[in-house]
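The values are calculated or read from the model by the stated rules, or taken from the named source; none is laboratory data. Here the structure is a predicted model, which means the values were calculated and not measured. Cβ sites come from the backbone with ideal geometry, for glycine too, and all protein chains shown count toward neighbours. All accessible areas refer to the heavy atoms of the entire protein, side chains included, with ligands and DNA or RNA removed. Shrake-Rupley method; radii C 1.70, N 1.55, O 1.52, S 1.80 Å.
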Amino acid sequence: MVLNGPNLNLLGQREPEQYGSESLQDVEAMCRTFAEKEGYSIDFRQSNHEGVLIDAIHEAGVQIKAGEMLGVVFNPGAYTHTSIALHDAIKGAEVPVIEVHISNVHAREAFRHNSYISPCAEGIVVGMGTFGYLLGMQGLIHKKG
Ligand code: DQA
């Protein structure tokens, strides 16, 4: 699963100096092409709602336990910096997550330096632009061994 949090539906028009000019549809197409080349299919999602993201993590947990999914490449957007509920969902559902941020959050405002997701992530990709999603996917495939 490739899961995207709030405001990422605005990718391409939103602060292009931070996030680039590609739309979320472009990112989805790029992820799909990469996954298919590696022999996988992807479930690509975006929501502006914390509860919907939590439900998606729970769903992923069920599919992972059934051996039907590798894990989740997750850009939680601003919920990264606020959501104990997403932290708990990842831990509770035992979901291998690679946290992805398009921008280098550590070079930005102090309120972006803390992540509630990082302590329960398998890996983190920061500041590599939308290419970070592919690095995240590659990481999940690599970790599977
Ligand atoms: C982001 C970084 C967050 O701080 C921000 O709130 C976002 C996008 C990124 O991809 O760089 O919405 O997760």
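Just the accessible area per residue of the chain, please: how many Å² with a 1.4 Å probe?
Details: 7100 Å² over 145 residues.
Here the per-residue accessible area is 49 Å².
Using a/c under 1.5 as the rounded threshold, could you call the range 13-145 rounded, prolate or oblate? The axes a ≥ b ≥ c are square roots of the C-alpha gyration tensor eigenvalues, and prolate needs a/b larger than b/c, oblate otherwise. Numbers along the way, then the final one.
Working: a/c = 1.62, a/b = 1.13, b/c = 1.43.
Oblate, since a/c reaches 1.5 and b/c is not below a/b.
What order, most packed first, do the peptides 82-91, 128-137 have when packing is the mean number of other Cβ atoms within 10 Å of each residue?
Numbers: 82-91: 17.5, 128-137: 19.7.
Most protected by this proxy first, the peptides run 128-137, 82-91.
If I compute solvent accessible area with a 1.4 Å probe over the protein chains, what percent of it on the chain is carbon and sulfur?
Values: 3670 of 7100 Å².
With neighbouring chains kept in place, the figure for the chain is 52 percent.
Can you classify the range 98-145 as rounded, prolate or oblate using the Cα gyration tensor, where a ≥ b ≥ c are the square roots of its eigenvalues, rounded means a/c under 1.5, and otherwise it's prolate if a/b beats b/c and oblate if not? Each step should come with its number before you reach the end.
On the way: a/c = 4.12, a/b = 1.59, b/c = 2.59.
Taking the square roots of the gyration eigenvalues as a ≥ b ≥ c, the range 98-145 is oblate.
Using alpha carbons only, how many angstrom separate the centre of the range 70-145 from the centre of the range 1-46?
That distance is 14 Å.
Per the helix-only calculation at 222 nm, which mean residue ellipticity applies to the chain, given -39500 (n - 2.57) for every DSSP H run of n ≥ 4 and division by its residues, nearest 500 deg cm²/dmol? Don't jump to the answer; show the numbers that get you there.
Working: 5 runs with 57 residues, N = 145.
-12000 deg cm²/dmol, from helical runs alone.
In whole Hz, with x marking every Gly and Pro, tabulate ³J(HN,Hα) for the range 130-135 from phi via Karplus 6.51 cos²θ - 1.76 cosθ + 1.60, θ = phi - 60°.
So the Karplus estimates, Gly and Pro as x, are 5, 4, x, 5, 5, 4 Hz.
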